[in-house]
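Have a look at the structure below before the remarks.
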Amino acid sequence: MDKNSKVEPVTAKPFIKWAGGKTQLLNELEKRFPPKIIRTKRIKRYIEPFVGGGALFFHLKRDYNIEESYLFDINKELVIAYKTLQINHKGLMDKLSEIEDKHLQKSEDKRKEYYYKIRNEYNRQMDGFDYVNYSDEWVKRTSFLIFLNKTCFNGLFRQNQKGEFNVPFGRYKNPKIHSKKNIIGIYEALQDTEVFCGDFTEACNYIEKESFIYLDPPYRPLNKTSNFTSYAKNGFNDEDQTRLAQFFKITDEQGAYLMLSNSDPKNQDIHDEFFDNLYNNYNIERITAKRNINCDASKRGEIKELIITNYLQF
């Protein structure tokens, strides 16, 4: 295809609710894109080393012309879900429709029983599961993941140290497990995209000058009792945050455009300079965001988040 030809936009949104998802911050992020990208609406190479729910990726696919996309995540469950959507979205839609119909036909007590039946099977299926070579089992596992995410308490993804999904049942009157239109949109968005399972540093192999890289790592806990970084069983600690800052510096030197978001430790301690020190050579902005995932509803509300870039925005 001629790279200068008009590319039809695709419309998709995240298929899974992910802690730290960026749907609510899309406008704030877009305001801070590299000026050249805002002006031309074109991105030669887009790289996201922590794709998570993919809110920014899907937004870009709708409104920008992206020639090449490379998505990474350390969470193998999430990665096989993306690849299943790439390879067999029709089979996934069929399986999700089957599960949704069964679930909605049940009473609340039976729905709860069905939820734990699926959760137990999902966790048992992990033993010996082939996460490398695609098979029909990927469709089944991805359908379980999406169902659990849409029907669990507070709609989140969390693993224990064994890698098991451990979120309890959530009570929803008529949960929408999936949208066929959205799954088709996701399938279209992923067609010219490569998806990898691995540490963020593996993205180094795909970076070139003027690549646009968005970094959305597991957030640093706001305090010692809110350590929700269990997107993958190994978590993401301050040592990893420091490794990420080194990655930022290296890729900056390669001429890439870099944008990073994280929680602001000053929400808890005004004297905490952790990120200010790590990224003292770059542009650091603080914006207002809503914290939606917390088991204590009283602790949800507005907080400050960081957006860090390595380029001038004007």
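The residues of the stretch 164-201 that are of a type in the set (Gly, Ala, Ser), crowded, with 16+ Cβ neighbours inside 10 Å and not in a helix (DSSP H, G or I) amount to a single one, GLY170.
Considering the conditions (1) at positive phi; (2) at pLDDT below 95, GLY54 is excluded by exactly one of them, (2). The single residue among VAL51, VAL79 that is assigned to a loop (DSSP other than H, G, I, E, B) and closer than 25 Å to ASP192 by Cβ turns out to be VAL51.
Checking the structure you have, find out if any residue of the stretch 88-97 is in a helix (DSSP H, G or I), of a type in the set (S, T, N, Q), under 27 Å from the mean Cα position of the chain (by Cα) and closer than 18 Å to GLU164 by Cα. Among the residues of the stretch 88-97, not one is in a helix (DSSP H, G or I), of a type in the set (S, T, N, Q), under 27 Å from the mean Cα position of the chain (by Cα) and closer than 18 Å to GLU164 by Cα, which makes the answer no. A single member of ASN133, ASN120 is more than 16 Å from ILE177 (Cβ to Cβ) and in a loop (DSSP other than H, G, I, E, B), and it is ASN133.
The values are calculated or read from the model by the stated rules, or taken from the named source; none is laboratory data. Keep in mind that this is a model prediction, so the values were computed, not measured. With ideal geometry, Cβ positions are generated from the backbone for all residues, glycine too; neighbour counts draw on all protein chains shown.
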